[in-house]
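The values are calculated or read from the model by the stated rules, or taken from the named source; none is laboratory data. Treat the numbers as computed from the prediction; the structure is a model and nothing was measured. Cβ atoms come from the backbone with ideal geometry, glycine included; neighbour counts cover every protein chain shown.
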Amino acid sequence: MGGRPRDGNDIDMKKRIQLSDYKTTALKTTTPKATALNTTEPEPKTTVRKNQLLDAAFVPERPHHIDHPHKVMLGLYISVFLGMLSETSMNITLPDLMTDFGVSSGTVQWMVVGYMLAIGVVLPCVGFLLKWVKAKTLALFALTCFLIGAIVCTFAPTFPILLAGRIAQGISTGIVLPTMYAAIMRVFPPHKIGAANGVAGLVIMFAPVIGPTIAGALIGALSWRAIFALFAVVAVIAIVCTALFFVTPIERTRPSVDVLSIIASALGFGCLVAGVSLISDMGFSPVVIGLLIVGVLVLAFYAHRQLTIASPLLDLHALGIAAFRVPAVMVSCSFACTLAFMYLVPQELQRGLGLSSTVAGLLMLPGGVVNAVCTLMAGRLFDRHGARRLVWFGSAMTVIGGALFFVIGTDSTAALFIAAHIIVMIGIPFIQQSAQSAALKSLPMHMAADGSTIMNTMQQVCGAIATAVATCLLGLGQAQYVAAGGANPAQGFVDGSRYGYVFGLVLVIMALAFSFRLAEHNDEPKLVPVHVDIEKLAA
């Protein structure tokens, strides 16, 4: 092979080529000699084929092409759907559990609190786990936990055993939720991130809507144990789909393990979620206040440590990126508004309007269907138009629908309720899906898992806070109605619900205010400049 000139930048016979866009840079290598038959001599060992260089040097900040990304994600879609379905299905079973196990309402409430507590403890650790364990292995472990928990709950002879199975299900949901979003950022091309998040949002938002309906039907036909049996069957399907189709698109960097961060994360988030969740049942008792204080102090220490150590459990530097932080706050506000409305609406139908649980579930079904359609639409529209205008539209619709709930009284027609519910269910997806897609798309690939974990943790904490605040405002409204001389409990419940709706609308207005600081990110992904050692690559 012919010689080459040497200079200060070209030593030890190595050439470095920097690629900064999609075009191929010409290679200054020895050209093979052509023969009379238009063939070439065998290439020397140090010569690199063009496609070899492309494969090795083009290292985008976005995923490689996958032919059927939704097929790859199918197992995780089912897993998250199952977790969200499980989260809301329990509310309707609590009276039966109290009767069968002979426990109080405060004790049986741990079926809900324990589930949320498990999610809150596990969620912050998932971003770190994905850097050590294959995403597929982690997902299969989580699904196995859910399956075991469902089987335990199906045959549980005592309440403590039932609660243990329920906590296992919460651990599973806490793992698969951020894993799904982290995988989406790797599996789908950048121009389809919005549509992919729309499908994920459909899974998350539609499952809670149909959960009470499915649970009520199974309890009426069989018993509450049939709900957990159904969960076990769906978990098996999710395990099969994950094992067959899911690939591991997330690289593992294996950072050092900081045990103190793990302990602080579990203690801090556990105390905070438990304290917030117990406010509605215990009020601001010394136990609740103590849990909240311990949670806040430990989380402050946890955050400081994550920002100062070399290998943090959760990279909180993502919150320093305004393009991520602003939409992440908007997502938390919209999710909190959703949980507040979902807590108030079914109860108002039953205790305010005097409808049965079956009729209440049927009246909420049209809004759930509309929500599913709008969630998909919001994801696709984000890919075309960005987030800001979609958030404006969603906020306006939610405010209009929320205002209609103020008109509802004990003698209102079902049509008015359906209209108000549908309008709110149109607005919420356009806020949440647009902001979530914008947040995740703003992060570099190495921060995708941490960003997903941060957002999901914020949603769970804000959702727990929103439910507690809505409960307190509901009680405040009822107390003021009685203090004013009211004697109709149904009207008192309607008045109390209006206090909660005000809180939900305040959250929407907060999201709208943040949208004016929202940066649009519709650019194609950047290619990272990569220096390629040709001789090392060809060796």
Verdict on A479 being over 30 Å from P178 (Cα atoms) and modelled with pLDDT of 80 or more: yes
Return a yes/no flag: does the range 304-311 have any residue that is at pLDDT 75 or above, among the hydroxyl-bearing types (S, T, Y), assigned to a helix (DSSP H, G or I) and more than 23 Å from the chain's Cα centre (by Cα). yes
Can you find even one residue in the range 394-414 that is under 20 Å from the mean Cα position of the chain (by Cα), modelled with pLDDT of 80 or more and among the hydrophobic types (A, V, I, L, M, F, W, C)? no
Members of the range 343-371 that are part of a loop (DSSP other than H, G, I, E, B) and small (G, A, S): G354, S356
Would it be correct to say that A372 is in the same structural domain as M330 (by TED's automatic domain parsing), surrounded by 23 or more Cβ atoms within 10 Å (Cβ to Cβ) and more than 30 Å from A490 (Cβ to Cβ)? no
Name the pairs whose Cβ atoms lie under 7 Å apart, with the first residue in the range 262-274 and over 17 Å from I454 (Cβ atoms), the second among the aliphatic types (A, V, I, L, M) and modelled with pLDDT of 85 or more, and 6 or more positions between them or separate chains? L267/V298; C271/L291; C271/V294; C271/V298; A274/L291
Checking the condition under 24 Å from T375 (Cα atoms) and touching a helix residue (DSSP H, G or I) at 6+ places or on another chain (Cβ under 7 Å), which residue from A164, A235, A200 passes? A200
Among the numbered conditions (1) without any contact (Cβ under 8 Å) to a residue 24 or more places away in the chain; (2) crowded, with 24+ Cβ neighbours inside 10 Å, tell me where A419 comes up short. (2)
Could you list all residues from the range 317-349 that are out of contact with any helix residue (DSSP H, G or I) (no Cβ under 7 Å at 6 or more places or on another chain), farther than 18 Å from V359 by Cα and polar (S, T, N, Q)? none
Going residue by residue through the range 515-527, is there one that turns out to be modelled with pLDDT of 80 or more and in the same structural domain as G386 (by TED's automatic domain parsing)? yes
Given the criterion in contact (Cβ under 8 Å) with a residue 60 or more places away in the chain and touching a Phe, Trp or Tyr at 6+ places or on another chain (Cβ under 9 Å), identify the matching residue among L143, L97, L177, L130. L97
So, V152, is that one hydrophobic (A, V, I, L, M, F, W, C), over 19 Å from the mean Cα position of the chain (by Cα), assigned by TED's automatic domain parsing to the domain that holds G102 and more than 18 Å from M116 (Cα to Cα) or not? yes
Failed condition for A487, given (1) farther than 26 Å from A328 by Cβ; (2) at pLDDT 80 or above; (3) out of contact with any Phe, Trp or Tyr (no Cβ under 7 Å at 6 or more places or on another chain); (4) among the aliphatic types (A, V, I, L, M): (2)
Please determine whether any residue of the range 316-335 is farther than 28 Å from A387 by Cβ and not aromatic (F, W, Y). no
Of these, G170, G83, G149, G102, which one is small (G, A, S) and surrounded by fewer than 21 Cβ atoms within 10 Å (Cβ to Cβ)? G102
Taking the range 415-459 as the search range and keeping residues that are of a type in the set (A, V, I, L, M) and modelled with pLDDT under 80, which one is nearest to V331 (Cα to Cα)? L440
